[in-house]
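Visitor: Let me give you the structure first, and then I'll get to my questions.
The values are calculated or read from the model by the stated rules, or taken from the named source; none is laboratory data. On a predicted model such as this, the values are computed, not experimentally measured, just so you know. Every residue, glycine as well, gets a Cβ built from its backbone with ideal geometry; the counts of neighbours run over all protein chains shown. Remember, those area values only see protein heavy atoms, side chains included, never the ligands or the DNA or RNA. Shrake-Rupley method; radii C 1.70, N 1.55, O 1.52, S 1.80 Å.
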Amino acid sequence: MKLVRYGNPGAEKPGLIDAQGVLRDLSKAVKDIGPDQLSDEALAKIAQLDTAKLPAVKGSPRLGCPVNGVRKFIAIGLNYSDHAAESNMPIPAEPIVFMKATSCIQGPNDPVMLPKGSKKTDWEVELGVVIGKRARYVSQKEALSHVAGYCTIDDVSEREYQLERGSQWDKGKGCDTFGPIGPWLVTRDEITNPQKLAMWLDVNGVRMQTGNTKTMIFSVAKIVSYLSQFMTLEPGDVITTGTPPGVGLGMKPNPVFLKKGDVVTLGIEGLGEQRQEVVAFKL
Ligand code: ZN
C-alpha cells in the first residue's frame, strides 16, 4: 500500500493511493497515519478495505509527511562507499549515527528554506525507513519485521554548520524544512528487497545523484538491528539511511550549493518523487 497524508500543514488527513494512482480518503477508516496505524495488524486492516468504495479526493492537494507523530528522526552518515570517497572520508567501521530534529520534517514538495546566512545548503536523496513495531536489541534476521515501510527522503544539509562548527553533525541537519519526507509511506510488503532500489536527484533538471541502495555499506537490516542496541526504536520513528554520490559538497573542481530559486527533484524506485523549490530565509 501507498499511504499518504494530504491537506494543509497541521491539518492533514489520511489517505491512500490506489492501484490506478487515485488518491482516496481514509478518514472514515483511521484517525491518521501515525504510530498507532503502523503495526502489521493495523496495516492489515487498512489493506482489507475495498479501495473502490473509499471517496476519491478531488484536485491535487498538498501532501504532508506520510507519517504523523514521528518521535525520532535518526540518520546514518557515509553509508555508501562511493559517497564516502567523494567526501574524502574513510569507509566507517561502524554506522555513523546522528539525529535530525523532528521540527525539520515537512511534506515532500514543500519549499526548502535556506537558513539565515547559509552559503552551503546541500541535497541528499536517501531511502527512509519507518518503524512499525518496537525494536530493542533485535537481530539482523528479525530487524525487517519491525519495519512498517519505506519512503523517499531529502536529507537537506548545511555543510558549514555540519562540518565547520564543531565536532558533531546535528547542527547542519535539523534546520527548519531540512526533512522532506514522502510522498508515500510504501508498506514493506511492496518492497521485497530494500537493497535493490535505484535513486536519483536533479537540481534545476540537471542530474546530480545517481545511485542504488545495493551499494550501501550497512544494509537496512543491519542499521535497524544496530540502532536497537543503543536506543529503543518506537513505531513512527524514521531512519534515513545515507546518500549515494553526487552531493554538492563533492562537486569537482568546486563544490556547488543551493541558492534561492533552485528546484530540487528526487526519487527512489517504487517510493515516489519529491520536488522542492529553494526559498530565502524568513522567520
Ligand atoms: Zn544524509
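Visitor: Out of all the residues in the stretch 155-203, which are more than 14 Å from the ligand (Cβ to nearest atom), of a type in the set (D, E, K, R) and open to solvent by less than 30 Å² (accessible area, probe 1.4 Å)?
Guide: Hit for the stretch 155-203 is Asp202, nothing else.
Visitor: Just wondering, is there one or more residues in the stretch 260-272 that are in a loop (DSSP other than H, G, I, E, B), open to solvent by 10 Å² or more (accessible area, probe 1.4 Å) and among the basic types (Lys, Arg)?
Guide: Within the stretch 260-272, one or more residues are in a loop (DSSP other than H, G, I, E, B), open to solvent by 10 Å² or more (accessible area, probe 1.4 Å) and among the basic types (Lys, Arg).
Visitor: Looking at (1) over 26 Å from Ser103 (Cα atoms); (2) surrounded by fewer than 19 Cβ atoms within 10 Å (Cβ to Cβ); (3) touching a helix residue (DSSP H, G or I) at 6+ places or on another chain (Cβ under 7 Å), which is the only condition Tyr80 fails?
Guide: (2)
Visitor: Continuing with this model, one more query. Residues Ala47, Ala101, Ala56: which one is small (Gly, Ala, Ser) and either under 28 Å from Met231 (Cα atoms) or open to solvent by less than 10 Å² (accessible area, probe 1.4 Å) (or both)? Let's see the steps before the verdict.
Guide: Numbers: Ala47 fails: either under 28 Å from Met231 (Cα atoms) or open to solvent by less than 10 Å² (accessible area, probe 1.4 Å) (or both); Ala56 fails: either under 28 Å from Met231 (Cα atoms) or open to solvent by less than 10 Å² (accessible area, probe 1.4 Å) (or both).
So the residue among Ala47, Ala101, Ala56 that is small (Gly, Ala, Ser) and either under 28 Å from Met231 (Cα atoms) or open to solvent by less than 10 Å² (accessible area, probe 1.4 Å) (or both) is Ala101.
Visitor: Out of all the residues in the stretch 96-110, is one or more at pLDDT 95 or above and within 17 Å of Ala221 (Cβ to Cβ)?
Guide: yes
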